[in-house]
Amino acid sequence: MPMHITSADNVRRLASATTALPADVTPTGPKAGILNVALRLFAEQGYAGASIRDIAQACGLKPASLYAHYASKEQLLAQLINIGHEEHFKMVQEAVIDAQPEPLEQLKAYVSGHVRFHAEFPMLATLVNHELHALSAEEVTTALKLREQSTDLLMHILKRGQALGAFAKDYDHWLAGAAIGAMGIRVANWYSEHHEKSIDEIIRTYQTFACRLVGQGE
């Protein structure tokens with residue numbers, strides 16, 4: 001296992017203790033501070049384990065003051081999850097657009113964006129992947145649409161690769177996509193800035209794994 005747990009004191013939901021939100025889509029002012037605190041508490045304690053009172057106290061606010069910025073705890077979670085899905089889709093889409101048109105190069109590019117998101121924004125990725133169920137049908141709509149776009153992009157690459165003969169014909173593209181997605185998701189749990197390997201090294205290794213899944217060993 002990548003994480004070495006030696007006692008109950010160091011059991012954590014994720015290895016990283018760094019709070020990070022993408023600057024270009026994060027609100028400024030008091031809302032930014034509240035979001036960062038909520039991000040850390042939700043990621044480390046789970047959505048159910050962190051109360052509005054906990055968030056307000058960590059922000060140095062009274063709960064009533066926090067409600068002036070966010071109407072509910074669910075609204076806080078929804079904004080964080082939407083930010084996460086927006087950033088993930090942006091990273092995988094831009095990586096694929098910048099890649100060469102060959103399916104194998106596009107697959108590598110997608111893996112690069114996918115893994116980098118989970119390594120650079122581990123707390124955000126934890127909410128995206130583990131707390132989506134906590135949102136109501138009304139609040140979850142935006143995130144589900146963005147998630148579908150990311151999935152469709154990967155499926156398009158895998159199906160196109162098979163159609164062009166660039167990938168093996170004898171594998172299930174849906175299962176391959178699920179495996180590639182799952183590999184990247186787990187990075188958020190065990191990666192931190194103190195890891196012995198850089199993000200780029202991890203990306204290259206995961207690209208190799210993905211290539212092998214589609215019959216293109218490197």
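When the stretch 187-203 is filtered for residues that are over 18 Å from the mean Cα position of the chain (by Cα) and in a helix (DSSP H, G or I), only GLU201 remains.
When ALA179, ALA137, ALA168 are checked against the criterion of being among the aliphatic types (A, V, I, L, M) and either crowded, with 17+ Cβ neighbours inside 10 Å or without any contact (Cβ under 8 Å) to a residue 12 or more places away in the chain (or both), ALA137 stands alone in meeting it.
Checked against (1) under 21 Å from GLU193 (Cβ atoms); (2) surrounded by fewer than 18 Cβ atoms within 10 Å (Cβ to Cβ), ALA125 meets all criteria but (2).
If you check ILE180 against the conditions, is it touching a Lys or Arg at 6+ places or on another chain (Cβ under 8 Å), closer than 26 Å to ALA15 by Cβ and at pLDDT 95 or above?
On the way: touching a Lys or Arg at 6+ places or on another chain (Cβ under 8 Å): no; closer than 26 Å to ALA15 by Cβ: yes; at pLDDT 95 or above: yes.
The answer is no for ILE180.
With the structure loaded, tell me whether SER112 is in a helix (DSSP H, G or I), over 11 Å from the mean Cα position of the chain (by Cα), surrounded by 23 or more Cβ atoms within 10 Å (Cβ to Cβ) and not basic (Lys, Arg) or whether it fails that test.
Values: in a helix (DSSP H, G or I): yes; over 11 Å from the mean Cα position of the chain (by Cα): yes; surrounded by 23 or more Cβ atoms within 10 Å (Cβ to Cβ): yes; not basic (Lys, Arg): yes.
So SER112 fits the description; yes.
If the condition is being of a type in the set (S, T, N, Q) and in a helix (DSSP H, G or I), then the stretch 124-140 contributes THR126, ASN129. Of everything in the stretch 140-165 that is hydrophobic (A, V, I, L, M, F, W, C) and touching a residue at least 40 places away in the same chain (Cβ under 8 Å), the residue that is surrounded by the most Cβ atoms within 10 Å (Cβ to Cβ) is ILE157.
Of all residues in the stretch 181-218, those satisfying the criterion of being more than 23 Å from ALA163 (Cβ to Cβ) and of a type in the set (Asp, Glu) are GLU193, GLU196, ASP200, GLU201.
The values are calculated or read from the model by the stated rules, or taken from the named source; none is laboratory data. Computed from a predicted structure; not experimentally measured. Every residue, glycine among them, receives a Cβ derived from its backbone with ideal geometry; neighbour counts consider all protein chains shown.
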